[in-house]
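Here is the structure we will look at.
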Amino acid sequence: MKKTMPKEGKFELMELPYAPEALEPVISAQTLGFHHGKHLLTYVNNLNAALPGSGLENLPLEEVVMKAQGGMLNNAGQILNHNLYFSQFGAPRANNAPAGLLADAIDVAFGSFEAFKEAFVKAGVTLFGSGWAWLSADEQGKLVITQEPNAANPVQHGLRPLLTMDVWEHAYYLDYQNRRPDHLSALWQIIDWDVVAARYEQ
């Protein structure tokens, strides 16, 4: 995973690799504006305010997540999570599916792509409260699905995060209200599997 380094001791709001309306109708430009432009920006500002004097000022974001505690950990974790989340999307595609080594690994771990999708959505639907569902790889490249509460990230367990679904309500409420399963099921249309495969093959 490419490490996110602070610029002159401060982290910056990531730039979206697509236009605000590019993910519609799965994620609206309005939701993206709030989620990226307000929620993520708040986490960035909060972390930058907490860094001075912490001893973590010039560390990569991933190392801040591994070493920080309390509010600093929450904000650093949310930045890392959201950077991975927003960078994994692209314009909606019909019959969107992975290929190559990643597809083979999914078949080995879960039996089929359809079985994987079902298990992944279930992980997101059944996570109580706020948090994230993740597809990650262990040191041997084996794929695992985990549920991480609040701002937690699989790197804290020695895993390499590949794909995530955000189940905090601000990620979907404007578009789907309380229909979390509908939101998670729709996200498959906009996954950029080239990005996910690159994370797996690095």
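The values are calculated or read from the model by the stated rules, or taken from the named source; none is laboratory data. Since this is a predicted model, take the numbers as computed values, not measurements. Note that we place each Cβ from the backbone using ideal geometry, even for glycine, and neighbour counts take in every protein chain shown. In case anyone asks, the SASA skips ligands and DNA or RNA and just uses the protein heavy atoms, side chains included. Shrake-Rupley method; radii C 1.70, N 1.55, O 1.52, S 1.80 Å.
Which whole-number percentage describes the relative contact order of segment 104-202, with Cα contacts under 8 Å and a sequence gap of 6 or more?
Result for segment 104-202 is 24 percent.
Give me the net charge of H35's neighbourhood, meaning all other residues with Cβ under 13 Å from the Cβ of H35; Lys, Arg count +1, Asp, Glu -1. The partial results should precede the final answer.
Details: positive: K38; negative: D166, E169, D175.
With Lys, Arg at +1 and Asp, Glu at -1, the neighbours total -2.
What net charge do the residues around S112 carry, taking every other residue with its C-beta under 14 Å from that of S112, with Lys and Arg at +1 and Asp and Glu at -1?
That sum, taken over residues with Cβ under 14 Å, equals -3.
Can you give the calculated 222 nm mean residue ellipticity of the chain, where each DSSP H run of n ≥ 4 adds -39,500 (n - 2.57) and the sum is split over every residue, rounded to the nearest 500 deg cm²/dmol?
-12000 deg cm²/dmol
Suppose every Lys and Arg Cβ carries +1 and every Asp and Glu Cβ carries -1, with no other charges. What dipole size does the chain come out with about its Cα centre, to the nearest 20 debye?
The calculated dipole for the chain is roughly 300 debye.
Report the extension gain between E118 and A29 in nm, rounded to one decimal, defined as 0.36 nm multiplied by the number of residues separating them, less their alpha carbon distance.
29.3 nm
So, with a 1.4 angstrom probe, what is the percent of accessible area on segment 71-119 that is carbon and sulfur? Provide the component values of the computation, followed by the final result.
Working: 1110 of 2060 Å².
Here it works out to 54 percent.
Farthest toward the dipole's positive end in the chain, which of G131, A197, G71, given Cβ charges of +1 (Lys, Arg) and -1 (Asp, Glu) about the Cα centre?
The residue sitting farthest along the positive end of the dipole is G71.
Between K142 and Y18, how high is the FRET efficiency from 1/(1 + (r/R0)^6) when r is the Cβ-Cβ distance and R₀ = 30 Å? Nearest 0.05.
0.45
Taking 8 Å as the Cα distance limit and 6 or more residues as the minimum spacing, I'd like the relative contact order of the chain as a percentage.
Values: 296 pairs, mean separation 50.2, N = 202.
In percent, rounded to a whole number, it is 25.
Note the full-extension length gain between E63 and H157 as 0.36 nm times their separation in residues minus their Cα-Cα distance, in nm to one decimal.
Taking E63 through H157 to full extension adds about 32.6 nm, to one decimal.
Please work out whether segment 146-202 counts as rounded, prolate or oblate from its C-alpha gyration tensor, where a ≥ b ≥ c are the square roots of the eigenvalues and a/c under 1.5 means rounded, while otherwise a/b larger than b/c means prolate and anything else oblate? Walk me through the numbers on the way to the answer.
Working: a/c = 3.27, a/b = 1.42, b/c = 2.31.
Oblate.
What accessible area per residue comes out for segment 63-138, rounded to a whole number of Å², with a 1.4 Å probe?
With all protein chains present, segment 63-138 gives 42 Å² per residue.
Divide the volume of the convex hull of the Cα atoms of the chain by its number of residues and quote the answer in cubic angstrom per residue.
Per residue, the Cα convex hull of the chain comes to 110 Å³.
In this model, which of K10/K38; K67/K142; K10/K142 are farther than 28 Å apart at the alpha-carbon?
Checking Cα-Cα distances, K10/K142 exceed 28 Å.
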